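**Q** One structure, pasted below without further comment.
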Amino acid sequence: MKSSHFIDSITKSLPGIFAGILLITGCKTGDSGPVEIEGKYDNGVVSRRYTEINHKKEGSMTEYYPSGKLKAELMFKNDVQADKATMYYESGARQEVQYFKDGLLSGGDTTFYESGKPQKVMNFTNGIKDGYLRSWGEDGTLTYEAKFKMDTLVEVKGQPVVRDTSNHQVVQSQKSIEEGLNKELKNKINSKIICSLKRK
């Protein structure tokens, strides 16, 4: 009789126990499912569309010109830019393709003329220049070539960069080349960082 009474009391308590468990497990994480985020220009046209999970960007983000035409396709993993990013001219032609790993440029960064011909190619490793930088005129003529090794200019147009070993500076004739190139790349990188920060 005592065991039957015990089983009856447990059986009657089970729904309350399960409800308590569900309430505790459902509330403890505070996780939110996918939420579609959409920004708009003043004219009502969608400017940006992406998904957030737990208040972090996840998956594809698309950006649009005020005309509604596609401007960029970006990928995010856990709120950090990842994989391939493609930017477009308003005409629809590809403008730039970049590759990211853990939020840093890693791999090729290629810009294109609106005609589709390559304009510049640069390789990055963990956000720093590493490999060849090549640029072409719109007619396809190679206009510049340099090689970087972990953010250090080591070669220009096939010639090794000569450095003064006493102070680790590029010799004057090559220094001006490096300064001009660095200014151009810094401007490009800084504009991308600013754009990336504005996206967040």
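**Q** So if I check each of E58, E90, E52, which one is without any contact (Cβ under 8 Å) to a residue 60 or more places away in the chain, more than 24 Å from D130 (Cβ to Cβ) and either out of contact with any strand residue (DSSP E or B) (no Cβ under 6 Å at 6 or more places or on another chain) or loosely packed, with under 15 Cβ neighbours inside 10 Å (or both)?
**A** None of the other options fit; the residue is E90.
**Q** Return the residues of the stretch 113-149 that are more than 18 Å from the chain's Cα centre (by Cα), farther than 18 Å from Q159 by Cα and not basic (K, R); say none if nothing qualifies.
**A** Y113, E114, S115, G116, P118, Q119, W136, G137, E138, D139, G140, T141
**Q** Kindly check whether there is at least one residue in the stretch 157-169 that is at pLDDT 95 or above and either among the aromatic types (F, W, Y) or surrounded by fewer than 12 Cβ atoms within 10 Å (Cβ to Cβ) (or both).
**A** Among the residues of the stretch 157-169, not one is at pLDDT 95 or above and either among the aromatic types (F, W, Y) or surrounded by fewer than 12 Cβ atoms within 10 Å (Cβ to Cβ) (or both), which makes the answer no.
**Q** Oh, and also: Among the residues that make up the stretch 99-116, is at least one of them touching a residue at least 12 places away in the same chain (Cβ under 8 Å), of a type outside the set (G, A, S) and more than 30 Å from G39 (Cβ to Cβ)?
**A** no
**Q** May I pose another question? What number of residues in the stretch 63-98 are farther than 23 Å from E38 by Cβ and charged (D, E, K, R)?
**A** Going through the stretch 63-98 one residue at a time, the tally reaches 2.
The values are calculated or read from the model by the stated rules, or taken from the named source; none is laboratory data. Here the structure is a predicted model, which means the values were calculated and not measured. Backbone-built Cβ (ideal geometry, glycine too); neighbour counts: all protein chains shown.
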